[in-house]
Amino acid sequence: MTPEQTAAFLISRSACAMISAMGMQAENQIRSSRGETPAYDDDAFEAVIVSQCIYHNAALDTLT
């Protein structure tokens with residue numbers, strides 16, 4: 001991949017992660033408004049980052 005394609009790839013993975021996290025946050029807010037416990041904890045949000053391989057070392061590996 002060219003550097004531009006690599007950057008676009010990382011950006012698209014970040015966008016996918018953001019969409020997932022936004023849905024998770026919305027579900028947590030819905031549950032909170034009902035007085036229920038959150039559906040997603042910090043580990044679940046971290047898992048999104050890991051699943052999309054956008055954590056620091058994975059991103060650096062993609063760029064090299």
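Taken together, the values in this text are just the output of simple stated rules run on the coordinates, not laboratory data. Owing to the predicted nature of the structure, the values given are computational and were not obtained by experimental measurement. When we count neighbours, we look across all protein chains shown, and the Cβ atoms used for this are built from the backbone with ideal geometry, even at glycine.
For the chain, applying the loop criterion from DSSP together with a ceiling of 13 other beta carbons within 10 Å to the GluC sites (Glu not before Pro) yields Glu36.
Helix 42-51 and the longest principal axis of the Cα set of the chain meet at an angle near 30°. Taking Cα atoms only, the orientation of helix 3-33 departs from the longest principal axis of the chain by about 0 degrees. Subtracting the Cα-Cα distance of Ala44 and Thr62 from 0.36 nm times their residue separation leaves 4.2 nm of extension gain.
Over the C-alpha trace of segment 16-63, radius of gyration and Dmax come out as 13.1, 44 angstrom. A crude spin-label estimate for the pair Cys53 and Thr37, with each label 7 Å from Cα along the Cβ direction, gives 3.4 nm.
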